[in-house]
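The values are calculated or read from the model by the stated rules, or taken from the named source; none is laboratory data. Just so it is clear, the structure is predicted and the values come from calculations on it, not from any experiment. Positions of Cβ are generated from backbone atoms using ideal geometry, with glycine treated the same way; all protein chains shown enter the neighbour counts. Note: areas computed on protein heavy atoms with side chains; ligands, DNA, RNA excluded. Shrake-Rupley method; radii C 1.70, N 1.55, O 1.52, S 1.80 Å.
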Amino acid sequence: MKVKTLFKLAVQRLKYNRKRNFIITILMMLIAIIILFLGMIQYSITKYVESMENNMELRTLGDYLYIPSKYQEIKNTINNIENVEMVVDEFERTIHAGQESKQLQKNGTTGTVFLKPANSKSCPEVIEGRKISNNDKYVIILPNKIYANNQIEGVNNQIKESDYISGEDFLGKELSIEFKTDEKTEIIKFEVIGIYDSEKYNDVSTPYIPMNTVKMINEQLGYEPKAYFMTIVVDKIENLEKVQKELYNAGIIQETKIEEEASEDTTDSNILETNFSHVTNISLKTLNIIKNVLVVALLSSAIILLFLLIITNINKTYLLKTDLGILKIEGYTNKDIQKIIILENIFLCLISIIFAFIGFKILQLIMNIIFENIIQTNTVGITAMAIKEQIYYISKIPQSLDIKFSVISMALFVIIEIASTYLINKKILKKNIKKILE
(Lines give C-alpha, C1' and ligand atoms only; values in the text may rest on other atoms or scores of the structure.)
Protein backbone atom coordinates (compact mmCIF):
# COMPACT_ATOMS: atom_id res chain seq x y z
CA MET A 1 0.00 0.00 0.00
CA LYS A 2 1.30 3.43 -0.93
CA VAL A 3 2.27 5.89 1.78
CA LYS A 4 -0.11 8.51 0.39
CA THR A 5 -3.02 6.05 0.64
CA LEU A 6 -2.04 5.14 4.22
CA PHE A 7 -2.03 8.80 5.27
CA LYS A 8 -5.38 9.36 3.58
CA LEU A 9 -7.00 6.37 5.31
CA ALA A 10 -5.50 7.33 8.70
CA VAL A 11 -6.85 10.90 8.41
CA GLN A 12 -10.29 9.59 7.35
CA ARG A 13 -10.35 7.34 10.43
CA LEU A 14 -9.41 10.29 12.65
CA LYS A 15 -12.45 12.20 11.37
CA TYR A 16 -14.78 9.20 11.44
CA ASN A 17 -13.80 8.15 15.00
CA ARG A 18 -13.50 11.71 16.36
CA LYS A 19 -15.63 11.08 19.47
CA ARG A 20 -13.63 8.02 20.48
CA ASN A 21 -10.35 9.67 19.51
CA PHE A 22 -11.25 12.73 21.59
CA ILE A 23 -11.38 10.58 24.75
CA ILE A 24 -8.11 8.83 23.86
CA THR A 25 -6.45 12.20 23.08
CA ILE A 26 -7.52 13.64 26.47
CA LEU A 27 -6.11 10.59 28.28
CA MET A 28 -2.82 10.71 26.37
CA MET A 29 -2.61 14.49 26.86
CA LEU A 30 -2.95 14.02 30.65
CA ILE A 31 -0.17 11.42 30.58
CA ALA A 32 2.07 13.78 28.58
CA ILE A 33 1.37 16.73 30.95
CA ILE A 34 2.27 14.60 33.97
CA ILE A 35 5.52 13.54 32.28
CA LEU A 36 6.33 17.19 31.46
CA PHE A 37 5.63 18.33 35.03
CA LEU A 38 7.79 15.54 36.44
CA GLY A 39 10.56 16.51 34.06
CA MET A 40 10.23 20.18 35.03
CA ILE A 41 10.34 19.43 38.78
CA GLN A 42 13.37 17.17 38.49
CA TYR A 43 15.28 19.39 36.05
CA SER A 44 14.49 22.68 37.82
CA ILE A 45 15.47 21.39 41.27
CA THR A 46 18.67 19.82 39.92
CA LYS A 47 19.66 22.98 38.05
CA TYR A 48 18.80 25.22 41.00
CA VAL A 49 20.86 23.21 43.49
CA GLU A 50 23.70 22.93 40.93
CA SER A 51 23.70 26.69 40.36
CA MET A 52 23.76 27.33 44.10
CA GLU A 53 26.26 24.56 44.91
CA ASN A 54 29.20 26.97 44.64
CA ASN A 55 27.55 29.46 46.97
CA MET A 56 29.24 29.15 50.36
CA GLU A 57 26.17 30.41 52.22
CA LEU A 58 24.06 27.58 50.85
CA ARG A 59 25.86 24.93 52.90
CA THR A 60 27.03 26.90 55.90
CA LEU A 61 26.92 25.84 59.54
CA GLY A 62 27.56 28.70 61.91
CA ASP A 63 28.32 31.04 63.39
CA TYR A 64 30.16 29.37 66.26
CA LEU A 65 31.59 31.39 69.09
CA TYR A 66 35.13 30.24 69.94
CA ILE A 67 38.07 31.10 72.19
CA PRO A 68 40.93 32.59 70.06
CA SER A 69 43.64 30.54 71.79
CA LYS A 70 41.85 27.32 70.81
CA TYR A 71 41.08 28.30 67.22
CA GLN A 72 43.81 26.25 65.48
CA GLU A 73 43.19 23.19 67.64
CA ILE A 74 39.43 23.28 66.99
CA LYS A 75 39.94 24.06 63.30
CA ASN A 76 42.14 20.96 62.89
CA THR A 77 39.51 18.81 64.62
CA ILE A 78 36.76 20.15 62.35
CA ASN A 79 38.85 19.70 59.19
CA ASN A 80 39.23 16.00 60.02
CA ILE A 81 35.46 15.53 59.93
CA GLU A 82 34.26 13.95 56.70
CA ASN A 83 32.29 16.22 54.30
CA VAL A 84 33.69 19.44 55.83
CA GLU A 85 35.05 21.53 52.98
CA MET A 86 36.46 24.54 54.84
CA VAL A 87 36.48 26.43 58.12
CA VAL A 88 36.48 30.22 57.98
CA ASP A 89 36.61 32.68 60.88
CA GLU A 90 34.90 36.06 60.93
CA PHE A 91 38.19 37.87 60.50
CA GLU A 92 38.67 36.13 57.14
CA ARG A 93 35.15 36.52 55.78
CA THR A 94 33.90 39.97 56.84
CA ILE A 95 35.15 43.46 56.07
CA HIS A 96 34.04 45.75 58.87
CA ALA A 97 34.18 49.01 56.96
CA GLY A 98 32.15 51.08 54.55
CA GLN A 99 32.97 50.11 50.96
CA GLU A 100 32.37 52.83 48.39
CA SER A 101 33.39 53.34 44.78
CA LYS A 102 33.02 56.62 42.93
CA GLN A 103 33.11 54.65 39.67
CA LEU A 104 29.88 52.89 40.64
CA GLN A 105 27.91 56.02 41.57
CA LYS A 106 24.79 56.61 39.52
CA ASN A 107 21.55 58.57 39.83
CA GLY A 108 22.17 59.65 43.41
CA THR A 109 23.41 56.29 44.74
CA THR A 110 26.45 56.37 47.01
CA GLY A 111 28.35 53.73 45.05
CA THR A 112 28.31 51.41 48.07
CA VAL A 113 28.80 47.69 47.44
CA PHE A 114 28.62 44.62 49.64
CA LEU A 115 31.82 42.60 49.12
CA LYS A 116 31.71 38.89 49.66
CA PRO A 117 34.83 36.72 50.15
CA ALA A 118 35.23 33.75 47.83
CA ASN A 119 37.70 31.11 46.74
CA SER A 120 37.72 28.94 43.63
CA LYS A 121 34.94 26.76 45.08
CA SER A 122 32.61 29.41 46.48
CA CYS A 123 33.01 31.86 43.58
CA PRO A 124 29.93 32.02 41.32
CA GLU A 125 30.13 30.75 37.76
CA VAL A 126 31.09 33.53 35.37
CA ILE A 127 29.57 34.37 32.00
CA GLU A 128 32.56 36.53 30.95
CA GLY A 129 36.20 36.48 32.04
CA ARG A 130 37.27 33.92 34.67
CA LYS A 131 36.58 32.85 38.24
CA ILE A 132 38.66 33.72 41.31
CA SER A 133 41.56 31.34 41.86
CA ASN A 134 43.20 30.56 45.21
CA ASN A 135 46.35 32.54 44.28
CA ASP A 136 44.52 35.77 43.40
CA LYS A 137 44.91 38.89 45.55
CA TYR A 138 43.36 42.18 44.43
CA VAL A 139 40.84 40.92 41.88
CA ILE A 140 37.06 41.21 41.82
CA ILE A 141 34.04 39.49 40.20
CA LEU A 142 31.07 41.75 39.39
CA PRO A 143 27.42 40.98 38.58
CA ASN A 144 26.52 41.87 35.00
CA LYS A 145 23.79 44.12 36.39
CA ILE A 146 24.84 46.19 39.44
CA TYR A 147 22.81 48.34 41.78
CA ALA A 148 25.60 50.07 43.72
CA ASN A 149 23.86 50.48 47.04
CA ASN A 150 24.14 47.70 49.61
CA GLN A 151 20.95 48.92 51.33
CA ILE A 152 18.97 47.14 48.64
CA GLU A 153 16.52 45.23 50.87
CA GLY A 154 12.99 46.56 50.70
CA VAL A 155 13.67 48.90 47.77
CA ASN A 156 13.77 46.39 44.90
CA ASN A 157 10.44 47.57 43.50
CA GLN A 158 11.60 51.19 43.53
CA ILE A 159 14.75 50.61 41.47
CA LYS A 160 14.49 51.84 37.90
CA GLU A 161 16.27 50.22 34.99
CA SER A 162 18.35 53.39 34.62
CA ASP A 163 19.67 52.94 38.19
CA TYR A 164 21.57 49.79 37.24
CA ILE A 165 25.20 49.76 36.10
CA SER A 166 26.58 47.32 33.53
CA GLY A 167 29.30 45.09 34.99
CA GLU A 168 30.58 44.21 31.52
CA ASP A 169 31.79 47.81 31.11
CA PHE A 170 34.41 47.21 33.85
CA LEU A 171 35.74 43.83 32.65
CA GLY A 172 39.55 43.96 32.33
CA LYS A 173 39.68 47.38 34.01
CA GLU A 174 40.59 48.55 37.51
CA LEU A 175 37.94 49.40 40.06
CA SER A 176 38.87 51.60 43.05
CA ILE A 177 37.09 50.86 46.32
CA GLU A 178 37.43 53.04 49.41
CA PHE A 179 37.36 51.27 52.79
CA LYS A 180 36.44 53.43 55.76
CA THR A 181 36.58 52.83 59.50
CA ASP A 182 36.42 55.32 62.33
CA GLU A 183 40.23 55.40 62.52
CA LYS A 184 41.43 54.70 59.00
CA THR A 185 40.65 54.97 55.27
CA GLU A 186 42.20 52.78 52.56
CA ILE A 187 41.70 53.00 48.78
CA ILE A 188 42.42 49.67 47.08
CA LYS A 189 42.35 48.98 43.35
CA PHE A 190 40.89 45.70 42.12
CA GLU A 191 41.22 44.19 38.65
CA VAL A 192 37.81 43.11 37.32
CA ILE A 193 38.50 39.57 36.08
CA GLY A 194 35.00 38.15 35.68
CA ILE A 195 31.29 38.86 35.36
CA TYR A 196 28.54 36.63 36.77
CA ASP A 197 24.84 36.49 35.89
CA SER A 198 22.97 38.63 38.45
CA GLU A 199 19.59 37.19 37.42
CA LYS A 200 20.73 33.60 37.90
CA TYR A 201 22.08 34.33 41.38
CA ASN A 202 19.30 36.81 42.21
CA ASP A 203 21.87 39.39 43.34
CA VAL A 204 22.66 42.82 41.87
CA SER A 205 24.66 44.31 44.75
CA THR A 206 27.41 41.79 45.57
CA PRO A 207 30.90 41.73 44.04
CA TYR A 208 33.21 38.86 45.09
CA ILE A 209 36.86 39.25 46.13
CA PRO A 210 39.39 36.57 47.25
CA MET A 211 38.97 35.26 50.79
CA ASN A 212 42.65 35.79 51.68
CA THR A 213 42.38 39.41 50.48
CA VAL A 214 39.61 40.08 53.00
CA LYS A 215 41.98 39.10 55.82
CA MET A 216 44.72 41.37 54.41
CA ILE A 217 42.33 44.33 54.17
CA ASN A 218 41.11 43.79 57.73
CA GLU A 219 44.73 43.78 58.91
CA GLN A 220 45.41 47.01 56.97
CA LEU A 221 42.35 48.61 58.56
CA GLY A 222 43.41 47.39 61.99
CA TYR A 223 40.14 45.54 62.52
CA GLU A 224 40.06 43.22 65.53
CA PRO A 225 36.77 41.40 66.19
CA LYS A 226 35.22 41.82 69.64
CA ALA A 227 33.74 38.34 69.47
CA TYR A 228 35.19 35.38 67.60
CA PHE A 229 33.02 33.27 65.33
CA MET A 230 33.82 30.52 62.87
CA THR A 231 31.77 29.26 59.97
CA ILE A 232 31.90 25.64 58.79
CA VAL A 233 31.19 24.97 55.11
CA VAL A 234 29.99 21.50 54.09
CA ASP A 235 30.77 19.97 50.69
CA LYS A 236 27.10 19.32 49.83
CA ILE A 237 23.87 20.62 51.29
CA GLU A 238 22.65 17.03 51.77
CA ASN A 239 25.46 16.43 54.29
CA LEU A 240 24.64 19.34 56.62
CA GLU A 241 22.79 17.26 59.20
CA LYS A 242 25.43 14.53 59.09
CA VAL A 243 28.24 17.05 59.79
CA GLN A 244 26.12 18.67 62.50
CA LYS A 245 25.95 15.33 64.35
CA GLU A 246 29.70 14.76 63.92
CA LEU A 247 30.42 18.19 65.41
CA TYR A 248 28.18 17.34 68.36
CA ASN A 249 29.90 13.96 68.87
CA ALA A 250 33.30 15.71 68.80
CA GLY A 251 32.12 18.04 71.59
CA ILE A 252 32.48 21.14 69.41
CA ILE A 253 28.82 22.15 69.49
CA GLN A 254 25.99 21.56 71.93
CA GLU A 255 23.14 21.06 69.46
CA THR A 256 22.37 18.13 67.19
CA LYS A 257 19.63 19.76 65.16
CA ILE A 258 19.96 22.56 62.61
CA GLU A 259 17.89 25.52 63.75
CA GLU A 260 16.08 27.98 61.51
CA GLU A 261 16.67 31.00 63.72
CA ALA A 262 19.51 32.37 65.85
CA SER A 263 19.62 31.94 69.61
CA GLU A 264 19.47 35.22 71.52
CA ASP A 265 21.90 34.03 74.19
CA THR A 266 25.40 34.75 72.82
CA THR A 267 27.01 36.10 76.01
CA ASP A 268 28.82 33.00 77.23
CA SER A 269 32.33 33.18 75.75
CA ASN A 270 34.04 30.94 78.32
CA ILE A 271 33.30 27.76 76.40
CA LEU A 272 32.99 26.95 72.73
CA GLU A 273 29.30 26.78 71.93
CA THR A 274 26.96 27.06 68.99
CA ASN A 275 25.38 30.44 68.54
CA PHE A 276 23.13 29.13 65.78
CA SER A 277 23.16 26.85 62.78
CA HIS A 278 21.50 27.99 59.61
CA VAL A 279 21.31 27.46 55.90
CA THR A 280 20.70 30.51 53.76
CA ASN A 281 19.17 30.95 50.27
CA ILE A 282 17.40 27.60 50.45
CA SER A 283 16.82 26.02 53.85
CA LEU A 284 17.02 22.34 54.68
CA LYS A 285 13.32 22.49 55.45
CA THR A 286 12.67 23.70 51.91
CA LEU A 287 14.97 21.05 50.45
CA ASN A 288 13.16 18.31 52.41
CA ILE A 289 9.78 19.69 51.31
CA ILE A 290 10.95 19.62 47.68
CA LYS A 291 12.21 16.04 48.07
CA ASN A 292 8.90 14.96 49.64
CA VAL A 293 6.95 16.69 46.89
CA LEU A 294 9.09 14.89 44.32
CA VAL A 295 8.52 11.48 45.97
CA VAL A 296 4.75 12.08 46.23
CA ALA A 297 4.69 13.32 42.62
CA LEU A 298 6.56 10.24 41.40
CA LEU A 299 4.31 7.79 43.29
CA SER A 300 1.11 9.63 42.33
CA SER A 301 2.21 9.88 38.72
CA ALA A 302 3.11 6.18 38.57
CA ILE A 303 -0.40 5.28 39.84
CA ILE A 304 -2.11 7.78 37.51
CA LEU A 305 -0.02 6.68 34.52
CA LEU A 306 -0.81 3.02 35.23
CA PHE A 307 -4.51 3.82 35.60
CA LEU A 308 -4.62 5.86 32.39
CA LEU A 309 -2.63 3.24 30.47
CA ILE A 310 -5.05 0.52 31.56
CA ILE A 311 -8.07 2.64 30.55
CA THR A 312 -6.48 3.56 27.22
CA ASN A 313 -5.61 -0.04 26.38
CA ILE A 314 -9.02 -1.35 27.49
CA ASN A 315 -10.57 1.33 25.30
CA LYS A 316 -8.42 0.23 22.38
CA THR A 317 -9.06 -3.48 22.91
CA TYR A 318 -12.84 -3.18 22.87
CA LEU A 319 -13.28 -0.32 20.43
CA LEU A 320 -10.68 -1.42 17.89
CA LYS A 321 -12.13 -4.91 17.47
CA THR A 322 -15.04 -3.72 15.31
CA ASP A 323 -12.74 -1.45 13.27
CA LEU A 324 -10.27 -4.25 12.67
CA GLY A 325 -13.07 -6.61 11.63
CA ILE A 326 -14.50 -4.05 9.17
CA LEU A 327 -11.04 -3.41 7.67
CA LYS A 328 -10.58 -7.18 7.18
CA ILE A 329 -14.00 -7.43 5.48
CA GLU A 330 -12.94 -4.58 3.17
CA GLY A 331 -10.01 -6.76 2.05
CA TYR A 332 -7.04 -5.11 3.77
CA THR A 333 -4.23 -7.43 4.82
CA ASN A 334 -3.15 -7.70 8.46
CA LYS A 335 0.04 -5.80 7.59
CA ASP A 336 -1.91 -2.94 5.97
CA ILE A 337 -4.35 -2.78 8.90
CA GLN A 338 -1.44 -2.51 11.35
CA LYS A 339 0.04 0.35 9.35
CA ILE A 340 -3.27 2.27 9.16
CA ILE A 341 -4.08 1.92 12.90
CA ILE A 342 -0.50 2.69 13.99
CA LEU A 343 -0.36 5.79 11.76
CA GLU A 344 -3.70 6.93 13.21
CA ASN A 345 -2.25 6.47 16.73
CA ILE A 346 0.89 8.43 15.82
CA PHE A 347 -1.34 11.33 14.74
CA LEU A 348 -3.25 11.07 18.04
CA CYS A 349 0.01 11.04 20.00
CA LEU A 350 1.33 14.12 18.18
CA ILE A 351 -1.96 16.01 18.69
CA SER A 352 -1.91 15.01 22.39
CA ILE A 353 1.70 16.16 22.81
CA ILE A 354 1.00 19.56 21.19
CA PHE A 355 -2.00 20.14 23.46
CA ALA A 356 -0.01 18.80 26.42
CA PHE A 357 2.66 21.50 25.92
CA ILE A 358 -0.04 24.18 25.68
CA GLY A 359 -1.82 22.79 28.77
CA PHE A 360 1.48 22.56 30.65
CA LYS A 361 2.32 26.24 29.99
CA ILE A 362 -1.20 27.34 31.07
CA LEU A 363 -0.99 25.31 34.30
CA GLN A 364 2.50 26.67 34.93
CA LEU A 365 1.19 30.23 34.53
CA ILE A 366 -1.74 29.55 36.92
CA MET A 367 0.64 27.99 39.46
CA ASN A 368 2.91 31.07 39.31
CA ILE A 369 -0.06 33.41 39.87
CA ILE A 370 -1.24 31.37 42.88
CA PHE A 371 2.29 31.33 44.37
CA GLU A 372 2.69 35.07 43.81
CA ASN A 373 -0.65 35.82 45.48
CA ILE A 374 0.21 33.66 48.50
CA ILE A 375 3.60 35.39 48.86
CA GLN A 376 2.01 38.87 48.64
CA THR A 377 -0.83 38.05 51.07
CA ASN A 378 -0.48 39.22 54.67
CA THR A 379 -0.47 36.22 57.00
CA VAL A 380 -0.97 35.79 60.73
CA GLY A 381 0.50 32.96 62.78
CA ILE A 382 3.74 31.01 62.81
CA THR A 383 2.47 28.15 60.61
CA ALA A 384 1.09 30.50 57.95
CA MET A 385 4.34 32.48 57.91
CA ALA A 386 6.41 29.26 57.65
CA ILE A 387 4.32 28.04 54.71
CA LYS A 388 4.59 31.44 53.03
CA GLU A 389 8.37 31.48 53.53
CA GLN A 390 8.84 28.00 52.05
CA ILE A 391 6.60 28.85 49.06
CA TYR A 392 8.75 31.95 48.51
CA TYR A 393 11.94 29.85 48.37
CA ILE A 394 10.34 27.20 46.16
CA SER A 395 9.00 29.92 43.82
CA LYS A 396 12.60 31.10 43.34
CA ILE A 397 13.44 27.79 41.69
CA PRO A 398 13.46 28.47 37.93
CA GLN A 399 10.62 26.54 36.33
CA SER A 400 12.14 25.34 33.12
CA LEU A 401 11.92 22.31 30.90
CA ASP A 402 14.84 20.15 29.93
CA ILE A 403 14.44 20.10 26.15
CA LYS A 404 16.45 16.88 25.84
CA PHE A 405 14.33 15.14 28.51
CA SER A 406 11.10 16.43 26.92
CA VAL A 407 12.05 15.21 23.44
CA ILE A 408 13.25 11.80 24.67
CA SER A 409 10.25 11.27 27.00
CA MET A 410 7.75 12.28 24.31
CA ALA A 411 9.52 10.02 21.79
CA LEU A 412 9.31 7.12 24.28
CA PHE A 413 5.66 8.00 24.86
CA VAL A 414 4.96 7.62 21.12
CA ILE A 415 7.04 4.42 20.88
CA ILE A 416 5.22 2.81 23.83
CA GLU A 417 1.86 3.74 22.30
CA ILE A 418 2.88 2.29 18.91
CA ALA A 419 4.22 -0.89 20.55
CA SER A 420 1.08 -1.42 22.68
CA THR A 421 -1.16 -0.74 19.67
CA TYR A 422 0.81 -3.20 17.51
CA LEU A 423 0.67 -5.97 20.15
CA ILE A 424 -3.08 -5.50 20.78
CA ASN A 425 -3.80 -5.50 17.03
CA LYS A 426 -1.61 -8.55 16.47
CA LYS A 427 -3.52 -10.54 19.08
CA ILE A 428 -6.91 -9.55 17.66
CA LEU A 429 -5.95 -10.01 13.97
CA LYS A 430 -4.95 -13.66 14.58
CA LYS A 431 -8.65 -14.44 14.94
CA ASN A 432 -11.05 -14.86 12.02
CA ILE A 433 -13.51 -12.10 11.09
CA LYS A 434 -16.46 -13.77 12.85
CA LYS A 435 -14.63 -14.02 16.18
CA ILE A 436 -13.29 -10.48 15.88
CA LEU A 437 -16.80 -9.08 15.37
CA GLU A 438 -18.41 -11.12 18.19
5 angstrom amide H check on residue 86, placed H, neighbours 5+ away: 233
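Which order do peptides 33-41, 139-147 fall in by mean Cβ count within 10 Å, highest first?
139-147, 33-41
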Whole-Hz ³J(HN,Hα) from phi, Karplus 6.51 cos²θ - 1.76 cosθ + 1.60, for the stretch 202-208, glycine and proline x: 6, 8, 10, 10, 10, x, 10
Segment residue 169-residue 326, length gained on full extension (0.36 nm per residue, minus Cα span): 49.2 nm
With every protein chain in place, the stretch 97-222: carbon and sulfur % of accessible area (1.4 Å): 42
Per-bin percent of Cα-Cα distances, the stretch 97-222 [5 Å]: 2, 11, 22, 25, 20, 12, 5, 1
Overall Cα dimensions of the stretch 162-232, principal axis frame, Å, largest first: 39, 30, 23
Relative contact order computed over the stretch 97-222 (Cα-Cα under 8 Å; 6+ residues apart), in percent: 37
Exposure of residue 211 as accessible area (Å², to 10), given a probe of 1.4 Å and all protein chains: 30
Restraint check, 106/131; 184/226; 70/245; 145/189, Cα-Cα greater than 24 Å: 106/131
Vicinal HN-Hα couplings computed from phi for the stretch 124-130 (Karplus, 6.51 cos²θ - 1.76 cosθ + 1.60; Hz; Gly/Pro x): x, 5, 9, 9, 9, x, 9
Where the stretch 97-222 is the region considered: accessible area per residue in Å², 1.4 Å probe: 50
For the stretch 1-93, convex hull of alpha carbons as volume per residue, Å³: 185
Rounded to whole Hz, the Karplus (6.51, -1.76, 1.60) HN-Hα couplings of the stretch 160-168, x for glycine and proline: 8, 4, 6, 7, 7, 10, 7, x, 4
Rounded FRET efficiency, nearest 0.05, which uses the C-beta distance separating residue 433 from residue 375 and R0 of 60 Å: 0.40
Exposure ranking of 379, 110 by accessible area [1.4 Å probe, largest first]: 110, 379
